[in-house]
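Below is one structure, written out as structure tokens; comments come after it.
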Amino acid sequence: MIDPATLSDADAANRLMRLAREVAKHNRLYHDADAPEISDAAYDALIAENNAIEAAFPHLVRADSPNAQVGAAPTSALKKVAHAQRMMSLDNGFNDEDISEFVARIRRFLNLAKDAPVALTAEPKIDGLSCSLRFEKGLLIRALTRGDGTVGEDVTENVRTIQDVTPVLKTGGNLFPTPPDVFEIRGEVYMSKSAFADLNARQREAEGKVFANPRNAAAGSLRQLNAEITRERPLGFFAHGWGDVSVMPADTQYEAMTAITAMGLKVSSLLARVESLEQALEHYRRIERARADLPFDIDGVVYKVDRLDWQQRLGFVAKAPRWAIAHKFPAERAQTTLEAIDIQVGRTGKLTPVGRLTPVTVGGVVVSNVTLHNADEIARLGVRPGDRVVVQRAGDVIPQVVENLTQEEVREAFVFPTHCPPESGGCGSEAVREEGEVDYRCTGGLICPAQRFERLRHFVSRAALDIEGLGEKSIQEFLDLGWITEPADIFRLKHHRAELVGREGWKEKSVDNLLAAIEVKRAPDAARLLFGLGIRHIGAVTARDLLKRYTTLEGVRALAQEIMALREAAPEGETQAKRDKAIAEHIGVENVGAAVGHALADFFHEPHNVTAWEDLLSEVSPPPYVVETTASAVTGKTIVFTGKLETMSRDEAKAQAERLGAKAAGSVSAKTDLVVAGPGAGSKLKQASALGIEVISEEAWAEIVRAAG
């Protein structure tokens, strides 16, 4: 986590912008797509960092701050309905001190004495999907998901299939003589651990979607367009509060929840009223000890101020009530045996070690695989097959090893591979780790089976060769048929025309259109072709910069051979920094450093890559790279683009500048003539202002481009 004290205003604004975007992305994945990419702990860390920066720079708080957002805007085909009262989120506490401060804040806000009693309710925080049930005259008329807190999805018919949800409230007696006009009950839809296991077993048998955890299974089951699918997947419901109500049945949180139970809705049996902070923490630990044995997942304990008149006085801040907080559980741990260490080869060539464990239950989930991250982490932990390890599960991502209990035992150390492992689908090429990096990567590139699909997909992508009609599905089909294994094979697909015509999804016209799209790329732009090869560190801009100086692909290959010779001729004892400086100077291209030179040398060091390169150039003939320029108002000027460009990519903007005879630089200096600033521009904009450099908007830049024709 970044220390706010080390940030300037511009740095803080830039980091807050990035955090807002990242949190919004993970909110969408969690709440809307039911497919989280990071653990709850990692998400909480992002929120904590955002809060720390906002506290240090209150004048930079953004309108789209994570603290102003609840959940994510619904995007499914379900009907969208506005909540009568906004469904709020909860602030989090992670230790006893956080909860002590929560109680102290309540006393300060209400102007109570420091030792004044503050009664709370404490109940498990169910790990499910928030849902609101609206009853009118005692009848269930609508059920909504939380959505973004303001608008939710209508899941009424789906909720009616949940046995825990009564369609008619029980009233009468001292509770309500007659059904209230409106009583909106809010709670959590969940799936039990046993129901989750049964569902996944059925899904595997039917070759359907296998869910990552009970929360995702519950969300996916509730948000079905067909309520019959929901009916087949047993869901439960626990009430934890209320929204829009015409009359309250009690004056305290605990009594109100007791009344909701009397109405026919389930409330957790672990809900308790506690009279002090000490009692609250004691109940938290009681629930934590029972956690593994509960039939459903929980991830903490929720405390709420018991007196409803105090809740009303305390009110809300941004997205959360002042009168409630979630006390999150720490990551769960268990002991087991590390049986083996396998090396997986990613699509970009990264070698990732994965530990195979004797299966162990951690937080109600059976864990058999664990990430070991990289060679340095293996060395730090000293893990070897046969070691007894402590495994931690923080949320729903793959767990990690946090301690090696048998590190002192005499046993041969694990040797990280120096070549791409064939037993893992690799190619046997050398695996290298660049200076200052932790990951080893396969240098096989074009010929590595583990990387093949992704590299071919990249080769035909819009920014590279842009072959129309050759998408991911087609690439996978041709790979499975054995028709393509490397880029050159794409240009030999014409030999399979007769076989392709008549295959499912292929007719004569679509086949001929594809082959024609391939043929027109036989004289491709050299920079696009170089970028399309997927050589590490060579993006679209770097490829253009190299071709501007070296003109042809043969010239780029010659450069790689010269760098190989420089590396071999380096005097013994020469520092890496000195060697890198010599390589960067030899390349002689501004903003292209030694990392690019090493990547080129590593690529051509592998005979497999040389063969694939030569095979490709036997099929295509890219002309020498020429930068065609148009006289314009910015010809000869140095331009810097900063902030988020909304109508074009940064690469497209730089290409426009080059076409107009300008130079696109990456940083602002006294030599800069013009800065084009989009939303979120930070330190570069501030520096430009300090230097008196002209700053224009993206719209003004577009006018310059249009004027140049």
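The values are calculated or read from the model by the stated rules, or taken from the named source; none is laboratory data. Keep in mind the model is a prediction, meaning the values are calculated, not measured. For neighbour counting, all protein chains shown are included, and Cβ atoms are generated from backbone atoms with ideal geometry for every residue, glycine included.
Would you please name the residue that is nearest to P117 (Cα to Cα), looking only at residues in segment 261-276 that are in a strand (DSSP E or B) and hydrophobic (A, V, I, L, M, F, W, C)?
If we take residues in segment 261-276 being in a strand (DSSP E or B) and hydrophobic (A, V, I, L, M, F, W, C), then V274 is nearest to P117 (Cα to Cα).
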Q) Hey, among M257, M248, which residue is under 24 Å from P117 (Cβ atoms), at pLDDT below 95 and not β-branched (V, I, T)? A) M248
Q: Could you look through segment 289-309, keep only residues that are among the aliphatic types (A, V, I, L, M) and in a helix (DSSP H, G or I), and pick out the one that is farthest from F238 (Cα to Cα)?
A: L308
**Q.** Count of residues meeting criterion [free of Cβ contacts under 8 Å to residues at least 24 places away in the same chain and more than 21 Å from V317 (Cα to Cα)] in segment 97-119
**A.** 4
**Q.** Qualifying position, being surrounded by fewer than 20 Cβ atoms within 10 Å (Cβ to Cβ) and closer than 30 Å to D489 by Cα, among V705, V627, V695
**A.** V627
Q: With respect to K350, determine if the residue is at pLDDT 95 or above, touching a strand residue (DSSP E or B) at 6+ places or on another chain (Cβ under 8 Å) and among the basic types (K, R).
A: no
Q: Tell me, yes or no, whether segment 377-390 has at least one residue that is in contact with a helix residue (DSSP H, G or I) (Cβ under 7 Å, 6 or more places away or on another chain), under 30 Å from R215 (Cα atoms), in the same structural domain as G349 (by TED's automatic domain parsing) and of a type outside the set (D, E, K, R).
A: no
Q) Hey, among the residues in segment 177-231 that are in contact with a Ser or Thr (Cβ under 6 Å, 6 or more places away or on another chain) and among the β-branched types (V, I, T), which one's nearest to P167 (Cα to Cα)? A) V182
(Q) Looking at segment 207-254 only, could you name the residues that are loosely packed, with under 15 Cβ neighbours inside 10 Å, over 22 Å from N158 (Cα atoms) and over 29 Å from the mean Cα position of the chain (by Cα)? (A) S246, V247, M248, A250, D251
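Whether any residue in segment 449-464 is among the aromatic types (F, W, Y), in a loop (DSSP other than H, G, I, E, B) and under 24 Å from the mean Cα position of the chain (by Cα) is what I want to check.
no
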Q. Among (1) loosely packed, with under 14 Cβ neighbours inside 10 Å; (2) more than 17 Å from D164 (Cβ to Cβ); (3) not hydrophobic (A, V, I, L, M, F, W, C), which single condition is S269 missing?
A. (2)
Q: Go through segment 581-593 residue by residue and tally those that are exposed (fewer than 13 other Cβ atoms within 10 Å of the Cβ) and part of a helix (DSSP H, G or I).
A: 1
Q.
Please go through (1) touching a strand residue (DSSP E or B) at 6+ places or on another chain (Cβ under 8 Å); (2) within 19 Å of I126 (Cβ to Cβ) for D244 and return the number of the only condition it doesn't satisfy.
A. (2)
Q) Across segment 635-684, which residue is modelled with the highest pLDDT among those that are buried (at least 21 other Cβ atoms within 10 Å of the Cβ), within 21 Å of A20 (Cα to Cα) and of a type in the set (A, V, I, L, M)? A) A677
Q: Go through segment 353-362 and give me each residue that's within 23 Å of the chain's Cα centre (by Cα) and at pLDDT below 80.
A: none
Q.
Against the condition over 19 Å from I106 (Cβ atoms), touching a Cys at 6+ places or on another chain (Cβ under 9 Å), modelled with pLDDT of 90 or more and not assigned by TED's automatic domain parsing to the domain that holds I126, how does I343 come out, does it pass?
A. yes
Q: Taking only segment 454-483 into account, find how many residues are more than 22 Å from A526 (Cα to Cα) and surrounded by 14 or more Cβ atoms within 10 Å (Cβ to Cβ).
A: 6
Q: Kindly provide the set of residues from segment 85-103 that are modelled with pLDDT of 95 or more and of a type in the set (A, V, I, L, M), ordered by number.
A: I99, V103
Q: Output the residues belonging to segment 101-159 that are small (G, A, S) and more than 28 Å from S192 (Cβ to Cβ).
A: A104, A113, A116, A119, G138
Q. What single numbered condition from (1) under 30 Å from Y284 (Cβ atoms); (2) in contact with a strand residue (DSSP E or B) (Cβ under 8 Å, 6 or more places away or on another chain) fails to hold for P330?
A. (2)
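Consider R706 carefully, then state whether it is free of Cβ contacts under 8 Å to residues at least 12 places away in the same chain and either charged (D, E, K, R) or touching a Ser or Thr at 6+ places or on another chain (Cβ under 7 Å) (or both).
When the stated conditions are applied, R706 passes them.
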(Q) List pairs: first residue in segment 127-141 and on the phi > 0 side of the Ramachandran plot and assigned by TED's automatic domain parsing to the domain that holds G264, second residue in a loop (DSSP other than H, G, I, E, B) and hydroxyl-bearing (S, T, Y) anywhere in the structure, Cβ distance under 7 angstrom, at least six positions apart or on different chains. (A) G138/T171
Q) Looking at V354, V366, V389, V360, which is the one that is buried (at least 21 other Cβ atoms within 10 Å of the Cβ) and β-branched (V, I, T)? A) V389
(Q) I need a count of the residues in segment 543-563 that are in contact with a helix residue (DSSP H, G or I) (Cβ under 8 Å, 6 or more places away or on another chain) and surrounded by 17 or more Cβ atoms within 10 Å (Cβ to Cβ). (A) 11
Q. In segment 243-258, how many residues are small (G, A, S) and under 20 Å from S130 (Cα atoms)?
A. 2
Q: Quickly run through segment 430-458 and pick out the residues that are modelled with pLDDT of 85 or more, closer than 24 Å to G469 by Cα and among the hydrophobic types (A, V, I, L, M, F, W, C).
A: F453, L456
**Q.** Residue within segment 312-324 that is surrounded by fewer than 18 Cβ atoms within 10 Å (Cβ to Cβ), at positive phi and not assigned by TED's automatic domain parsing to the domain that holds R411 present
**A.** yes
Q) Going by the structure shown, is V627 within 39 Å of the chain's Cα centre (by Cα) and either in the same structural domain as A681 (by TED's automatic domain parsing) or more than 30 Å from G436 (Cα to Cα) (or both)? A) yes
Q.
I want to confirm something. Restricting to segment 363-401 and keeping residues that are on the phi > 0 side of the Ramachandran plot and under 20 Å from the mean Cα position of the chain (by Cα), which single residue is modelled with the highest pLDDT?
A. H373
